[in-house]
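The values are calculated or read from the model by the stated rules, or taken from the named source; none is laboratory data. Quantities reported herein were computed from a predicted structural model and do not represent experimental measurements. Virtual Cβ from ideal backbone geometry, glycine too; neighbours counted across all protein chains shown.
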Amino acid sequence: MNLDQLNKWLTLVANVGVVVGIVLVAVQLHENAEATRVQSEYALTGAVQSAEIACIGDTLSEAMITAVLRPSELTEAQVYQVWCYLDVAISATQYTWLAYRDGRASQETWDNAKQQLVAYMDFDIGRIVWNHLKSKSEFSSLAVDEIDKALALGNGQEELLRGIMTDVRERGRDRAVAAPKSQTGDLDPRGTAPQPQ
């Protein structure tokens, strides 16, 4: 083998190495672009959710209790609070769906997110909000059908809350009747205020 043939073989190997290197760089650029896109989506979602959370305000618990137990008594402001809260839950579930669809989340993760959404929406106002927002979401028709079926089955959140509230009220009444009265005007050992004599 002479020097000229050796140079040809070395040039061929070098050219193949350059081509392989270019392919690897292209693959890496594609992966980086995808990671940047996903990161941008999450940042945008976070910004939107932060704005919606700010709209929820600090009286959401009152609005949710009213929405579940006495929906006809909701004020317009409370409806808006509940809508924003549920929209945040839908958005979070939607991004889990997109990650599942794109292979970045497991079936178990998607199932858990779906069940969590059902827990948030399992009351009359929640179903109304879902019916209005599902067509505007990025869920596939399959995902919408899965959520609709899960909501139709429900998970008893409304009944659970009503049961808890009933038990709490009954226990409060029982304690009020049985509370010992303090003769000194101080709090009794359980921290209950003295009863007028």
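A Cβ distance below 6 Å, combined with a sequence gap of six or more or placement on separate chains, defines the contacts here; from the stretch 97-119, residues that are within 19 Å of Ala152 (Cβ to Cβ) and assigned to a helix (DSSP H, G or I) reach residues that are aromatic (Phe, Trp, Tyr) and at pLDDT below 90 in the pairs Trp97/Phe139. Here Glu138 passes the criteria (1) under 30 Å from Trp83 (Cβ atoms); (2) acidic (Asp, Glu); (3) at pLDDT 85 or above; (4) surrounded by 10 or more Cβ atoms within 10 Å (Cβ to Cβ) except the one numbered (3). Scanning the stretch 5-53 for residues that are of a type in the set (A, V, I, L, M), closer than 22 Å to Tyr80 by Cα and modelled with pLDDT under 65, we see that the one that is surrounded by the most Cβ atoms within 10 Å (Cβ to Cβ) is Val48.
Filtered by the rule that a residue be in contact (Cβ under 8 Å) with a residue 24 or more places away in the chain and farther than 26 Å from Glu159 by Cα, the stretch 120-140 gives Ser137, Glu138, Phe139, Ser140.
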